[in-house]
1. So Pro209 ticks every box in (1) away from the ligand (no atom under 14 Å from the Cβ); (2) part of a helix (DSSP H, G or I) but one. Which box is left unticked?
2. What do you reckon, is Asp284 buried (at least 24 other Cβ atoms within 10 Å of the Cβ) and touching a Leu at 6+ places or on another chain (Cβ under 9 Å)?
3. Contact list please: Cβ distance under 6 Å, first residue in segment 153-169 and of a type in the set (Phe, Trp, Tyr), second residue within 11 Å of the ligand (Cβ to nearest atom), pairs at least six apart or on different chains.
4. Would you please list the contacts, defined by Cβ atoms under 6 Å and residues six or more apart or on different chains, that run from a residue in segment 75-86 that is in contact (Cβ under 8 Å) with a residue 60 or more places away in the chain to a residue that is more than 9 Å from the ligand (Cβ to nearest atom) and among the acidic types (Asp, Glu)?
5. Which of (1) touching a helix residue (DSSP H, G or I) at 6+ places or on another chain (Cβ under 8 Å); (2) surrounded by 17 or more Cβ atoms within 10 Å (Cβ to Cβ) does Arg24 not meet, given it meets every other one?
6. For the list (1) under 19 Å from the mean Cα position of the chain (by Cα); (2) away from the ligand (no atom under 16 Å from the Cβ); (3) within 23 Å of Thr233 (Cα to Cα), I need the number of the one condition that Tyr185 fails.
7. May I ask you to list the residues in segment 281-335 that are more than 10 Å from the ligand (Cβ to nearest atom), charged (D, E, K, R) and assigned to a helix (DSSP H, G or I)?
8. In this structure, is Asp231 out of contact with any Gly (no Cβ under 7 Å at 6 or more places or on another chain), under 17 Å from Ser157 (Cα atoms) and either within 16 Å of the ligand (Cβ to nearest atom) or not in a loop (DSSP other than H, G, I, E, B) (or both)?
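What follows draws every value from the coordinates through simple rules; no lab data is involved. Fair warning: this is a prediction, and the values are worked out from it, not measured in the lab. Here Cβ is always computed from backbone atoms with ideal geometry, including for glycine, and neighbour counts include all displayed protein chains.
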Amino acid sequence: MTAVTFPNRLKLASLPTPLTRLTRFELINSDTRVWVKHDEMTGTEISGNKIRKLEFIFAEAEAHGCRTIITCGGIQSNHCRATAVMAARLGYRAHLILRGEKPTIMEGNLLMDYLAGALIDYLPQEQWSTHTDLGQRLVEAYASRGEKALFVPIGASDEIGLWGYIAACYELREDFRQHNLQPDYIVCATGSGGTQGGLIVGTELFDLPSKVVAFNVCDNATYFDRKIRDDVTRWNQRYKMNVDVGELSVTTVEGYVGPGYGIARPVVFELITELARTEGLFLDPVYTGKAFYGLLSELAKRDDGALAGARDVVFIHTGGLFGVFPQQSNFDFTQ
Ligand SMILES: *Cc1c(COP(=O)(O)O)cnc(C)c1O
């Protein structure tokens, strides 16, 4: 195990989260044991994976005397919601740049953004490629008023946020020890790459026996390969680490995005319903539902799948519950 000095970190999330095994949900055509790392329990209003990254991001903001966090994402961004809530708790201002037009109904994560008092700018889809420029302009506008603001990229996936899931691997190491477990795979959904990237680096630094397999919910495998290697390169430089970026194995399994980002096929909604009924476990249609559907589909392929030879698989439940509510009309309760 590599000796790792973590940078400053605020204690914001409820950690460690539990690791439990699914026992009632029936896996078709497989005797693999599926475990769930419950990062949907990192806190109620701040739930999900983003708060692990924000522990390091808010520490960075504090160190630089920033009292405003500017960040960006979709209208139903879990990351923006966790940032908005955490900002309210710590006495910061959250300034969000959300993709699309201002909706007429404030629901799910967006409702929480407004409740937590975030300032919100909407940037239409056609102009979204300029969102980083807008973020920089806002930072400058705050600076001209003598206020320091920190711009945080989508999903807090940068060299600072990467620490979130590196630290989570340290936690998993202890979980595995307690359960006497050697999981073959750690599975997650990937959207901005920071969770997947942190898990890849963390499993390497802390000698976890598991291979990280991610299911993309947008973009494609090539995108995540490049994004993660770029983030790890910057992380190496900034923290004087020397993880071999060329040797990293980045495994992103394509084929489960469905019709598009945030839009799921009926099978995903059926799976969400089934897991809620059999295990009381709530997945979401944007991230975890698609990734868990991918996990099951790959297991069903046995040795031809991305999870070949799996005896124990750990699924990282990255949260997303508030994103279920705006999609209620897609559930079918007639059968
Ligand atoms: C953001 C998010 C992800 C994806 O994590 P990234 O680090 O952005 O790749 C997965 N699940 C949920 C619920 C999320 O909000």
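1. (2)
2. Numbers: buried (at least 24 other Cβ atoms within 10 Å of the Cβ): yes; touching a Leu at 6+ places or on another chain (Cβ under 9 Å): yes.
Yes; evaluated as a whole, the condition is true for this residue.
3. Cβ pairs passing all conditions: Tyr165/Thr195; Tyr165/Gly198; Tyr165/Leu199.
4. Note: pairs meeting the criteria are Arg81/Asp113.
5. (2)
6. That leaves (3) as the condition not met.
7. Answer for segment 281-335, where residues must be more than 10 Å from the ligand (Cβ to nearest atom), charged (D, E, K, R) and assigned to a helix (DSSP H, G or I): Glu298, Arg302, Asp303, Asp304.
8. Working: out of contact with any Gly (no Cβ under 7 Å at 6 or more places or on another chain): no; under 17 Å from Ser157 (Cα atoms): yes; either within 16 Å of the ligand (Cβ to nearest atom) or not in a loop (DSSP other than H, G, I, E, B) (or both): yes.
No, not satisfied.
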